[in-house]
Amino acid sequence: MTMYLPRTDTSQITEALAQERHSIGGGAMNMVLTLVIVTDEADHYDAVRAATEAGREHPSRIIALIRRDQDAESAIDAEIRRPGTSGPGEALLLRLYGPLGEHADSVITPLLVPDAPVVAWWPGAGPTEPAADPVGRLAHRRITDALRAPDPLADLLGRIGNHRPGDTDLTWTRLTPWRSLLASTMDHPAGWVTAAEVTAEAHYPSADLLAAWLAYQLDVEVVRTVSNGPGITATRLVTDGGDIALHRQDGRVATLSRPGQPDQTVALARRRASEALAEELRRLDPDLMYERTATFLKDMTERGESPGQRAARARTDESAGASAEEAQ
């Protein structure tokens, strides 16, 4: 069931929600968080669908803030979807007109699930400093997606400069299967890793993050090369016992090659937004590995260094600092 409240206000929305909960015998008590989506009319359908799919794992109150005509008079058109309509949680679609779109925090504050975490998600263009955004200030976690920007890498690097604990980007979350597979290959003896390579389509910031992660973790030179995609198509670890390689050409399955072993086919499908979002909702604490990798990538880019050069210099600086402490 869907309820429409044209030209309404937060008090009427709150009252309608209370009536809905009463009619179904609770509802909001089973919700583990509030997911606030800041989007526009063009993107809201896909964003709400992704959030609804993620909500099957994390029952949430989804609040989609859809900004409309900024020159119109301040008004709210609300659409309330009760639990069971499109998922286990409630979904509120709020179309904000006029200056009200600049004060979305005052609109959603009365609508948050009491005593539950708040997660803010910008599926399209996100703020340069999410923690300073009016909606971002209310959130425990703030999720952006640099892939949607005209210049994805520049967008990601600009946001990294304003990183605060709780910030993350789906360009990092899309890497989880790659990082898991690459980490698992090191469980088998293959010799020391001496270099690495990441191949992906141009303007794909996940590949740059993967290269930075490998360089940071392995302290080796990592080469970033370009392919026709889709997404990341290959990674290669050069070891003194032979190459460890992952090749994925169709965006669905990959071939894992290791020295002295037969090639293995592994599932490595490109992640949908709902899958990446569901992963982020599983953990509401700050993602320290993302913060370290992203900061490493930004420092490396600003100095015009390759990942390996930046890693070596960082380790040298750490060793020098330790030696100075010992001398004292």
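Can you tell me which residue within segment 172-220, out of those that are among the β-branched types (Val, Ile, Thr) and in a helix (DSSP H, G or I), is nearest to the chain's Cα centre (by Cα)? So that I can check it myself, show each step before the final result.
As a first pass, look at segment 172-220 and keep what is among the β-branched types (Val, Ile, Thr): 173, 176, 185, 193-194, 198-199, 220.
Those still in the list that are in a helix (DSSP H, G or I) too: 173, 176, 185.
Working: Thr173: 5, Thr176: 11, Thr185: 25 Å.
Of everything passing the filter in segment 172-220, Thr173 is nearest to the chain's Cα centre (by Cα).
Which residue is least open to solvent (accessible area, probe 1.4 Å), if the candidates are limited to segment 221-230 and must be touching a Gly at 6+ places or on another chain (Cβ under 9 Å) and part of a strand (DSSP E or B)?
In this case the residue turns out to be Val222.
Would you call Gly101 open to solvent by less than 10 Å² (accessible area, probe 1.4 Å) and over 18 Å from Ala276 (Cα atoms)?
Working: open to solvent by less than 10 Å² (accessible area, probe 1.4 Å): yes; over 18 Å from Ala276 (Cα atoms): yes.
Judged against the criteria, Gly101 is a match.
Cβ-Cβ under 7 Å, sequence separation 6+ or interchain: first residue in segment 124-139 and among the β-branched types (Val, Ile, Thr) and surrounded by fewer than 22 Cβ atoms within 10 Å (Cβ to Cβ), partner at pLDDT below 95 and not in a helix (DSSP H, G or I). Which pairs?
Correct list of pairs: Thr128/Asn162.
I'd like the full set of residues that are touching a Leu at 6+ places or on another chain (Cβ under 9 Å) and either modelled with pLDDT under 90 or open to solvent by 40 Å² or more (accessible area, probe 1.4 Å) (or both), limited to segment 156-170.
Pro165
From the list Glu79, Glu73, Glu53, exactly one residue is out of contact with any Pro (no Cβ under 8 Å at 6 or more places or on another chain) and surrounded by fewer than 16 Cβ atoms within 10 Å (Cβ to Cβ). Which is it?
Values: Glu79 fails: surrounded by fewer than 16 Cβ atoms within 10 Å (Cβ to Cβ); Glu53 fails: surrounded by fewer than 16 Cβ atoms within 10 Å (Cβ to Cβ).
Result of the check over Glu79, Glu73, Glu53: Glu73.
A quick yes/no check of all residues on (1) free of Cβ contacts under 8 Å to residues at least 24 places away in the same chain; (2) more than 17 Å from Gly251 (Cα to Cα); (3) touching an Asp or Glu at 6+ places or on another chain (Cβ under 6 Å); (4) not hydrophobic (A, V, I, L, M, F, W, C):
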{"residue": "Thr176", "(1), (2), (3), (4)": "no, no, no, yes"}
{"residue": "Ser180", "(1), (2), (3), (4)": "yes, no, no, yes"}
{"residue": "Trp192", "(1), (2), (3), (4)": "no, yes, yes, no"}
{"residue": "Ala196", "(1), (2), (3), (4)": "no, yes, no, no"}
{"residue": "Thr199", "(1), (2), (3), (4)": "no, no, no, yes"}
{"residue": "Tyr216", "(1), (2), (3), (4)": "no, yes, no, yes"}
{"residue": "Glu221", "(1), (2), (3), (4)": "no, yes, no, yes"}
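Looking only at segment 28-63, how many residues end up being in a strand (DSSP E or B) and out of contact with any Ser or Thr (no Cβ under 6 Å at 6 or more places or on another chain)?
Residues in segment 28-63 being in a strand (DSSP E or B) and out of contact with any Ser or Thr (no Cβ under 6 Å at 6 or more places or on another chain): 9 in total.
Can we say Thr128 is farther than 16 Å from Thr2 by Cβ and among the polar types (S, T, N, Q)?
Here the answer is yes, as Thr128 does meet what is asked.
Within segment 237-302, which strands (runs of 3 or more DSSP E) (wholly inside it) include 2 or more residues that are open to solvent by 60 Å² or more (accessible area, probe 1.4 Å)?
Where strands (runs of 3 or more DSSP E) fall fully within segment 237-302 and carry at least 2 residues being open to solvent by 60 Å² or more (accessible area, probe 1.4 Å), they are 242-247, 264-267.
For segment 112-123, which residues satisfy the criterion of being surrounded by 16 or more Cβ atoms within 10 Å (Cβ to Cβ), out of contact with any Lys or Arg (no Cβ under 6 Å at 6 or more places or on another chain) and at pLDDT below 90?
Correct list: empty.
Would you mind finding the one in Asp287, Asp263, Asp250 that is over 27 Å from Gly191 (Cα atoms), modelled with pLDDT of 85 or more and touching a Ser or Thr at 6+ places or on another chain (Cβ under 6 Å)?
Asp287
Does Val107 satisfy the condition of being surrounded by 16 or more Cβ atoms within 10 Å (Cβ to Cβ), in contact (Cβ under 8 Å) with a residue 60 or more places away in the chain and in a helix (DSSP H, G or I)?
yes
The values are calculated or read from the model by the stated rules, or taken from the named source; none is laboratory data. It should be emphasised that the depicted structure is a prediction, and the values quoted were computed from it without experimental measurement. Every residue, glycine among them, receives a Cβ derived from its backbone with ideal geometry; neighbour counts consider all protein chains shown. We work out accessible area using only protein heavy atoms, side chains counted, and drop any ligands, DNA or RNA first. Shrake-Rupley method; radii C 1.70, N 1.55, O 1.52, S 1.80 Å.
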